[in-house]
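Worksheet for the structure shown next.
The values are calculated or read from the model by the stated rules, or taken from the named source; none is laboratory data. Quick caveat: nothing in here was measured; it's all calculated off a predicted structure. Using ideal geometry, Cβ is built from the backbone for each residue, glycine included, and neighbour counts are taken over all protein chains shown. Side chains included, ligands, DNA and RNA excluded: accessible areas come from the protein's heavy atoms. Shrake-Rupley method; radii C 1.70, N 1.55, O 1.52, S 1.80 Å.
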Amino acid sequence: AGHSAVVINLIGRNYETHNSSFEDVNVRLAGDIAKVCTEAGVQRLIHVSALAANDPHATSRWAQTKRRGEEAVRKAFPDATIIRPAPVFGPEDRLSQKEATVAKFFPLFPIFGSDSRIQPTWVLDVAEAILNATRDYHTAGKTYELAGPRVYTRKQFMDEILDIAGLWRARPVPVPSLLAAVPAWFLERIAIIEPYVTRDMLKQYAQDIVRDDSALGYEDLHITPQSFEKHAVSLLRR
């Protein structure tokens, strides 16, 4: 940081392990990075958070710590620019391709939070927004919510994935969070790598993750966000 004019913090965690908690990574580390940037005289700090942080009533500890991480960054580096991306789609994503892979092997598979709303965004739009923020000092101290042009329920988004991927025999089965909690607890304990679902993820899936219409967004960074449909074929039919 001592030799940097701009620092971009993309570090985060969406599930916990024995060695790193949400609090450790999303709050303490975020605040520590901001403190080091201040001490080192860094001119610009771009902190990449998550759109779920815009909900002060979120029950997910992941979303709560994302919000508190933003507060820690602001306290240590008031002029930080905060970027809140919606769930991101792109090559090797955890959104569309994860679900399409499951559907290929399991024609009947669970879907959680089927009626909650999401507003997926293209990964390169997020990258361009971060780059534009670094170039424009007027973005200092501001928060931007980056969301795609269309709002889906999770069930609608899943149906779109299956249709474009040609997985017409696959059927997502809505599973209530209470019913899924015990299997999620078990998966948390046996997973060697990222678990398929955790109890906190169930809370994430139950949350509406959409942009606040009054918030700054892509248009304020001179970007027209691209739709999922524009890129879905290249992502899902490889």
Table column - 3J(HN,Hα) (Hz), the range 170-176, Karplus curve with 6.51, -1.76, 1.60, x for Gly and Pro: 6, 9, x, 10, x, 10, x
Rg/Rh for the range 44-114, where both radii come from Cα atoms and Rh is the Kirkwood radius: 1.12
From phi via Karplus (6.51, -1.76, 1.60), per-residue ³J(HN,Hα) for the range 14-26 in Hz, x at Gly/Pro: 10, 8, 9, 10, 5, 9, 8, 9, 4, 4, 4, 8, 7
Backbone N under 14 Å from the LEU124 label point (7 Å along Cα→Cβ), restricted to the range 75-91: 89-91
LEU187 paired with SER234, simple spin-label distance in nm, labels 7 Å along Cα-to-beta-carbon: 3.0 nm
Rg ratio (alpha-carbon, reference 2.2 N^0.38 Å) - the range 128-183: 1.86
Calculated Rg and Dmax of the range 116-238 using C-alpha coordinates, Å: 17.5, 51
Structure-based [θ]222 nm, the chain - -39500 (n - 2.57) summed over DSSP H runs of at least 4, per residue, nearest 500: -12000 deg cm²/dmol
3J(HN,Hα) from dihedral phi, the range 142-153, Karplus parametrisation 6.51/-1.76/1.60, rounded to Hz, x for glycine, proline: 10, 10, 10, 9, 9, 9, x, x, 10, 9, 10, 6
Solvent-accessible area, 1.4 Å probe, carbon plus sulfur percent, for the chain: 56 percent
Per residue value of the accessible surface for the range 76-225 (all protein chains in place, 1.4 Å probe), Å²: 52 Å²
Of the DSSP H helices in the chain, those whose Cα atoms cover at least 18 Å axially and whose Kyte score averages 1.0 or more: 177-190
Quarter of Cα convex hull surface for the chain, i.e. mean projection, nm²: 13.2 nm²
Sequence-distant residues sharing a close amide H with LYS142 (under 5 Å, placed H): ILE82
Set LYS203/LYS230; LYS35/LYS142; LYS98/LYS230 screened for pairs whose C-alpha atoms are more than 27 Å apart: LYS203/LYS230
